[in-house]
Amino acid sequence: MSNPEIAIPSRAPAATTADDTVMPFEVASLDLRGRVVRLGPVVDQILSAHAYPQPVAKLLGEAVVLTIMLGSALKIDGRFILQTKTDGPVRMLVVDFTAPGKVRACAGFDKDRVAAAIAAGKADAGALLGHGHLAMTIDQGPDMNRYQGLVALAGGSLEDAAHEYFHRSEQIPTRVRLAVAEELRAVQGGASHRWRAGGILLQFLPKSPERARIADLDPGDAPEGIEVPAAPEDDAWVQGRALLETVEDVELIDPDVSSEWLVYRLFHEPGVRVFRCSDVRAECSCSRASVEAMLKSFSQNDRDHMVEDGKISVTCEFCSANYVFAPGEVDAKAG
């Protein structure tokens, strides 16, 4: 039983960052909750497994951060899948997060269109994504119903899409910041680089429903010609959102700025409480056995058309692992 006379312990923020973690936090005096995601080896492993052009890799890195940020909040075992389908040069992003902390990701894009966008100086997230939709799916397993939320992509960033999703689907005042960059370091014989990524999510979750009210969604259900009064924003949310807007990209990815220092810098005046971090790892679910079973499910005619130079070769789109089989190994009668 909790004792109200026992104070919550306090200490100075950790000086060093912990990569590949998700750190929840709370600003109780402002009814704010959030999470900070810091990625080092995880995002570097995912992006380095592919020869994606730099803007495509950066965009996929942002999608990885956003997916981990949302998927790690689920209180269930299962998968959280983020997928875009658009008419832009990057036609598809897929990030698969399996609770409690396993992630994999890949991108599909038109090489010529991406190269043209880079040459024209129009390789920002909105230009690469174009128009289409972003789907977020919660898969709780074969015996449970799937939940899927959709949000339109109309030339904006993934941050914009996340804000629109929470506004329309969850009705929760939310702000998200994402950052991805290559870290270059001088080493003997040249320079080395590795990917880093980070993000922060902030939500206004007051206990009083009246304080959480937001403006009606356009077009709403008011009769035509009737002016609908705007719902005033709560002062606590205005303050929290303003503080979050001071975050710079470098703060989200700098290995010398810990997650604790970041939230302390933002919210030390109203007071901030951090919770235990959870770990994230890059891990694909593919295996030789699963690929073999997949090949055996095809017709003999389909398998015959897959044979090149006397073998069947399958490369995983997520991790780029390559599996090679002799045709006889994947005969439906084999094994």
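Close amide H contacts of SER285 (hydrogens built in the peptide plane, cut-off under 5 Å, sequence separation of 5 or more or a different chain): none are found. Charge dipole (Cα centre; +1 on Lys/Arg Cβ, -1 on Asp/Glu Cβ; no other charges) of the chain amounts to roughly 800 debye.
Averaging the sequence gap over all C-alpha pairs within less than 8 Å and six or more residues apart, then dividing by the number of residues, gives segment 1-119 a relative contact order of 16 percent.
Relative contact order for segment 38-183: 21 percent, from Cα pairs under 8 Å spaced at least 6 residues apart, divided by residue count. Summing charges over all other residues whose Cβ lies under 15 Å from the Cβ of GLY271, with Lys and Arg as +1 and Asp and Glu as -1, gives 0.
Subtracting the Cα-Cα distance of ASP110 and VAL238 from their residue separation scaled by 0.36 nm leaves 42.0 nm. Take the Cα of ALA152, go 7 Å toward its beta carbon, and the backbone nitrogen atoms of segment 58-86 under 15 Å from that spot belong to 86. Applying the Karplus relation 6.51 cos²θ - 1.76 cosθ + 1.60 with θ = phi - 60° to segment 130-147 yields 3J(HN,Hα) values of x, 10, x, 8, 10, 10, 10, 10, 10, 10, 8, x, x, 9, 10, 6, 7, 10 Hz, where x marks Gly and Pro.
Solvent-accessible area assigned to carbon and sulfur over the chain amounts to 51 percent, based on a 1.4 Å probe. Simple rule: put +1 on each Lys or Arg Cβ and -1 on each Asp or Glu Cβ in the chain, find the dipole, and look at SER10, PRO55, GLN300; the Cα lying farthest toward the positive end is GLN300.
The calculated 222 nm mean residue ellipticity attributable to helices in the chain amounts to -7500 deg cm²/dmol, summing -39500 (n - 2.57) over DSSP H runs of n ≥ 4 and dividing by all residues.
Listed by chain and number, the lysines placed with their C-alpha closer than 17 angstrom to that of LYS296 are LYS311, LYS333; residues fewer than eight positions away on the same chain are left out. Among the cysteines of the chain, those with no neighbouring cysteine Cβ under 4.7 Å are CYS106, CYS277. On average, how much accessible surface per residue is there in the chain, in Å², for a 1.4 Å probe, leaving out ligands, DNA and RNA? Per-residue value: 55 Å². Over the chain, the hull volume per residue, using the convex hull of the C-alpha atoms, is 230 Å³.
Here the relative contact order of the chain, from alpha carbon pairs under 8 Å that lie six or more residues apart, stands at 23 percent.
Of all lysines in the structure, those lying under 28 Å Cα to Cα from LYS122, and not within fewer than 8 positions of it along the same chain, are LYS58, LYS85, LYS111. Report the label-to-label distance for GLU183 and SER285 in nanometres (one decimal), using points 7 Å from each Cα along the Cα→Cβ vector. In this crude label model, GLU183 to SER285 measures out at 3.0 nm.
The values are calculated or read from the model by the stated rules, or taken from the named source; none is laboratory data. Note that this is a predicted model, so its numbers are computed, not measured. A quick note on method: Cβ atoms are made from the backbone with ideal geometry, for glycine too, and the neighbour counts reach across all protein chains shown. Note: accessible area is taken over every heavy atom of the protein model, side chains too, but ligands, DNA and RNA are not part of it. Shrake-Rupley method; radii C 1.70, N 1.55, O 1.52, S 1.80 Å.
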